[in-house]
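The structure appears right after this line, and notes come after that.
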Amino acid sequence: MPELPEVELTRRRLEPDLTGKRIERVEVRVPKLRLPIPEELATVLPGRTIRSVARRGKYLLFDCEAGWLIIHLGMTGFLRFLPEPAPPGKHDHLNILFGDGSLLRFHDPRKFGTVAWTTAVPTGHPLLAGIGPEPLTPAFDGDYLFQASRSRRVAVKQFIMNAATVAGVGNIYANEALFRAALRPDRAASSLSLPECERLALTIQEVLQESIDQGSTYRVAEDSVAYHPLEFAVYGRGKGRCARCNGALEEIRLGNRSTVFCPRCQR
């Protein structure tokens, strides 16, 4: 599933192409992804101009003049800007066509993505209202993490993957941040000390920012969301060796997600 860096890179890739584009027509090719696609898109979007593309957590927010289009990519979703029309494929579920002949296409093989519309402040929408602080802002730090974790006996990995705790941290970057912070992923969140929370907040910020920075230098494939440019220390390396101590990495399941860590280095 695309996590914060992948969604942020998508935003940066699309914004220069979409800003100032006037919407001519909307083609909805399926009635429902994870949620029903709003029927009114075909009537409310034509004639509007996209003014900006923002992000909140893993959601993309398209400012369409007096209204916001909200898109979540789900597990396999991908947004592609096409300078010229092209026939839609089997999994191309939404086309937004512009006055100059270009279009924005939402491709989602597993249909786990979400498309929503609101004329209110988008951060108050039910999909976004419960999201915690953005990790790359001053609102997220060790003290915040410490206070938020005091009564939480859930595993720390699940705690930081909860969007209500912090926006946009998924399985990949949770694994990496916990390894860098030398913290076992299955420890109770409430067991973390303030210095450990400070260390974890810092490593979360590091892995996210490094992925964004490195991803910005890569040419992103136009039919994939697998941008992940970082060389991972633990993610996907369940049978590998620890980069620090050369001990065997261990793989467990937490919240039905594969979780890899070093039992020597992470306490």
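Every number in this text was worked out from the coordinates using simple rules, so none of it is lab data. Note that this is a predicted model, so its numbers are computed, not measured. Here Cβ is always computed from backbone atoms with ideal geometry, including for glycine, and neighbour counts include all displayed protein chains.
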Rough spin-label spacing in nm, given labels placed 7 Å along Cα→Cβ, for ASP17 and HIS91: 1.8
task: Report the relative contact order of region 115-267, percent, no decimals, based on alpha-carbon pairs under 8 angstrom and at least 6 residues apart.
output: 23
message: For PHE112, PHE261, which order do you get if you count the other beta carbons within 10 Å of each Cβ and list the fewest first?
response: PHE112, PHE261
query: Cα centroids of region 26-51 and region 69-108: how far apart, whole angstrom?
result: 11
- request: Among LYS111, LYS32, LYS21, LYS90, rank each residue by its count of other Cβ atoms within 10 Å, from fewest to most, as a rough exposure measure.
  value: LYS90, LYS32, LYS111, LYS21
message: Within a 10 angstrom radius of the beta carbon, how do TYR144, TYR59 rank from fewest other beta carbons to most?
response: TYR144, TYR59
statement: Expressed in angstrom and rounded, the centroid-to-centroid distance over alpha carbons for region 112-174 and region 194-214 is 15
- request: Please give the contour-minus-distance gain from ARG253 to GLU84: 0.36 nm per residue of separation, less the Cα-Cα distance, rounded to one decimal in nm.
  value: 56.3 nm
query: For the pair SER151 and ARG237, how long in nm is the line joining their label points, each one 7 Å along Cα→Cβ?
result: 3.9
Estimated FRET transfer efficiency when R0 is 51 angstrom, pair GLU27-LEU202 (beta carbons, to 0.05): 0.65
message: So, R0 is 45 Å and r is the distance between the beta-carbons of ASN246 and ARG51; what FRET efficiency does that work out to, to 0.05?
response: 0.30
field: Relative contact order (%) - region 67-175, alpha-carbon pairs under 8 angstrom, separation at least six
entry: 25
- prompt: By a straight-distance test (C-alpha under 18 Å), which lysines pair with LYS90 as possible cross-link partners, with residues fewer than eight away in the same chain excluded?
  reply: LYS32, LYS111
- prompt: Placing +1 at every Lys and Arg Cβ and -1 at every Asp and Glu Cβ, with all other atoms neutral, what dipole size does the chain have around its Cα centre, in debye to the nearest 20?
  reply: 960
